[in-house]
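These notes concern the structure reproduced below.
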Amino acid sequence: MQIGLLVAVLGVSGCGPGQAGAAAIVGQERIPVAQVESEVRQVLAEREELGVPPASPVDATKHVLNNILTSRVIRATAEELHVTVSKGEVDRLRGQFQQQAGPEGLKRELAASFVPAAQADRIIADTLLLQKLNKRYGGAEAALAQQQGGVAPKVRSLLQQTAQRLDIEVSPRYGEFDARELSLVDAVEDYLTPDQGGLGGAVPGQP
């Protein structure tokens, strides 16, 4: 399975998060703007370094935040169902990816999916969790779904239910998280200006 397929797997207006400096709130967890902006800076630098087609800071921010939120949904679903992965499993799968594509190839694929190299283990663990959820709860459609780099409808339904329970709240400057689509949607790009990006911080890559 390719890392890039993970992002394709899951292929709030108003006042926004009530905590200052939060890009989003997932259940009781605050996703700091600083975390999102840091990952955006890393991704943009790595895309340039590796020759990945450039992306605007606004587009990169949307993708990075979407990846973070999707990861939280996967992990919350797995935790509720007592599905876990070990560090050894993550290490082995990383090794397989690197054997197939080489270290630079893995970094390039991650960057193309707006995942900084420093977050490789997070995305690999999520991939493993999805594989285990597919195997345990996917039913007859699990094998085909996994071959196609996706999740079975039954697993997608579990993820949707988790996303609804988490009641994910996103700063309106980034859009909103659609629990049915399992994706950040309706990003309001005009809301992002150099002095407003990130709830008061500059948009990464902008002066």
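The values are calculated or read from the model by the stated rules, or taken from the named source; none is laboratory data. Here the structure is a predicted model, which is why all the values come from computation and not from measurement. Cβ sites come from the backbone with ideal geometry, for glycine too, and all protein chains shown count toward neighbours. In case anyone asks, the SASA skips ligands and DNA or RNA and just uses the protein heavy atoms, side chains included. Shrake-Rupley method; radii C 1.70, N 1.55, O 1.52, S 1.80 Å.
Numbers below:
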item	result
Where residue 184 falls short, out of the listed (1) within 27 Å of residue 21 (Cα to Cα); (2) at pLDDT 65 or above; (3) surrounded by fewer than 18 Cβ atoms within 10 Å (Cβ to Cβ)	(3)
Enumeration of residues in region 62-87 that are of a type in the set (S, T, N, Q) and open to solvent by less than 80 Å² (accessible area, probe 1.4 Å)	66, 67, 70, 71, 77, 86
Filtered residues of region 19-41 (kept if of a type in the set (S, T, N, Q) and open to solvent by less than 60 Å² (accessible area, probe 1.4 Å))	35, 38
Residue satisfying condition, being over 18 Å from residue 76 (Cβ atoms), of a type in the set (D, E, K, R) and buried (at least 20 other Cβ atoms within 10 Å of the Cβ), within set 135, 107	107
Residue within region 118-126 that is touching a strand residue (DSSP E or B) at 6+ places or on another chain (Cβ under 8 Å) and closer than 21 Å to residue 166 by Cβ present	no
Region 79-115, residues that are touching a helix residue (DSSP H, G or I) at 6+ places or on another chain (Cβ under 6 Å) and of a type in the set (Lys, Arg)	94, 107, 108
Answer from 198, 175 - the residue that is open to solvent by less than 20 Å² (accessible area, probe 1.4 Å), at pLDDT below 90 and touching a strand residue (DSSP E or B) at 6+ places or on another chain (Cβ under 8 Å)	198
Residue list for region 42-53, filter: closer than 12 Å to residue 113 by Cα, in a loop (DSSP other than H, G, I, E, B) and open to solvent by 20 Å² or more (accessible area, probe 1.4 Å)	53
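Okay, residues lined up against (1) out of contact with any Leu (no Cβ under 8 Å at 6 or more places or on another chain); (2) assigned to a helix (DSSP H, G or I); (3) open to solvent by less than 20 Å² (accessible area, probe 1.4 Å):
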{"position": "89", "(1), (2), (3)": "no, yes, no"}
{"position": "97", "(1), (2), (3)": "no, yes, yes"}
{"position": "100", "(1), (2), (3)": "yes, yes, no"}
{"position": "115", "(1), (2), (3)": "yes, no, yes"}
{"position": "124", "(1), (2), (3)": "no, yes, yes"}
{"position": "144", "(1), (2), (3)": "yes, yes, no"}
{"position": "151", "(1), (2), (3)": "no, no, no"}
